[in-house]
Amino acid sequence: MTAWIYSEWPWYVAGPLMGLFVPALLITGNKVFGISGNLSHLCAAIAPGNVEHFRYDWRKIGLWNLVFLAGVLIGGFVAFHGGPQHDIAISPATRSALARLGLHDFHGVAPHELFTWRALLTLRGFVSIVVGGFLVGFGTAYAGGCTSGHAISGLANFQLPSLIAVIGFFAGGLIATYFILPFVLGGL
Amino acid sequence: MSTPPSSTFDGCGAGSPEPQFDGCGAGNSQPQAVRPVFLAVYLLLGVAFGFVLSRAEVISWFRIQEMFRFQSFRMYGIIGSAVVTAAISVALIKRAGLMSVSGEKIAIPRKILGHGIRYAAGGTIFGLGWALTGACPGPLFVLIGSGVPMMVVAVVSALAGTWVYGWAKPRLPH
């Protein structure tokens, strides 16, 4: 009966469901949907140091969002451990393009050749995990939002800054995909 | 404890009649102490969102690669339909002039454009990381619970990135 939950959701189910979190948070407590502010809140909570940017009352501003984030982590756990997993059915073209770059394990949600504790000690694993993570954190703080805050919340409210940011997201993603990943995965 | 509704929060670049949001604290111009029952609602909404992100496969490095290689419509369909759904919802909420359940007039702070450099430069830097890790901030956390526990390292690195931005902020063009 619930088998559909663990099948591949069509885009026209997944997308609108995601979009509904914007009105859900607004209607609940006049909160603007956006995940990346939590990275700032966590910095403010853990290690504000002498940095002006992190000197604010994170409990007052961000507690609701940190609680939401804790839920996100739990939700991922429930989704993964609550039922059978299937491999991600990516297009054959992507599969062969990645195979040419030296990836051969297509099980799971992320390539085991890059995202395991052991891979962390390889250059390509380090770049994917540590360098990639750093750029995500730096970029999203600089841009003032991520895919949720800019691409979904911002575009839905017709904000020009968000459109600029989203164009940047794709520019950076294309540069990394076509000019950086080939070296990271293949040559190094 | 509670702030009068008329007061604006100035830590995030607000202060005008229309509160403005500069991105530092993600999204609330009139922070008030959130009641515990609401925190429970945010937790449940977060669980639902994490579940949806996971089942929608947007947490997959492979899906992100497929998107940046333009080899499937799927991610574009997901993001596009999410934006359209959110936009229609926001328009309806504005038109109806709804109050939130917590009793506030629903208002979405506008983002300050300024020179726009932060959005172009920050966005591009974020995009580089998005393609390398195959995850944006939401999925980073979902992945920890979804069979890729070592993403905890990427989260720590992302926190370091955010911290370095905060430190370098006075010296960066915005």
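When its C-alpha radius of gyration is set against 2.2 N^0.38 Å (N residues), chain A gives a value of 1.16. For segment A:45-188, a crude dipole built from +1 on the beta carbon of Lys and Arg and -1 on the beta carbon of Asp and Glu, taken about the Cα centre, is about 80 debye to the nearest 20.
Per-residue mean of foreign Cβ neighbours for A:121-128 is 2 (Cβ atoms of other chains, 10 Å radius).
Looking at segment B:50-120, which chymotrypsin sites (Phe, Trp or Tyr not before Pro) are in a loop (DSSP not H, G, I, E or B) and have at most 15 other Cβ atoms within 10 Å? Passing sites in segment B:50-120 are B:PHE70, B:PHE73. For A:GLN85, neighbours were defined as the other residues whose beta-carbon sits under 14 Å from its Cβ, and their charges (Lys and Arg +1, Asp and Glu -1) total -2. Computed log10 I(q)/I(0) for the protein assembly as shown at 0.11 Å⁻¹: -0.68, from the Debye equation with unit scatterers placed on every C-alpha and solvent omitted. Measure nothing fancy, just the Cα-based angle from helix A:37-46's long axis to the longest principal axis of chain A, in degrees from 0 to 90, nearest 10. For A:37-46 against chain A, the angle is about 70 degrees.
Here the alpha carbons of segment A:50-148 define both size measures, Rg and Dmax, at 17.9, 50 Å. Let me test this: with uniform point scatterers at the alpha carbons of segment B:106-166, what is the Debye-based log₁₀ I(q)/I(0) at q = 0.11, 0.21 1/Å? Computed log10 I(q)/I(0) values: -0.34, -0.90. Across chain A, the relative contact order, built from alpha-carbon pairs under 8 Å that are at least six residues apart, equals 24 percent.
Readers should treat all values here as calculations from the given coordinates under stated rules, not as data from a laboratory. Treat the numbers as computed from the prediction; the structure is a model and nothing was measured. Note: ideal-geometry Cβ built from the backbone for every residue, glycine included; neighbour counts use all protein chains shown.
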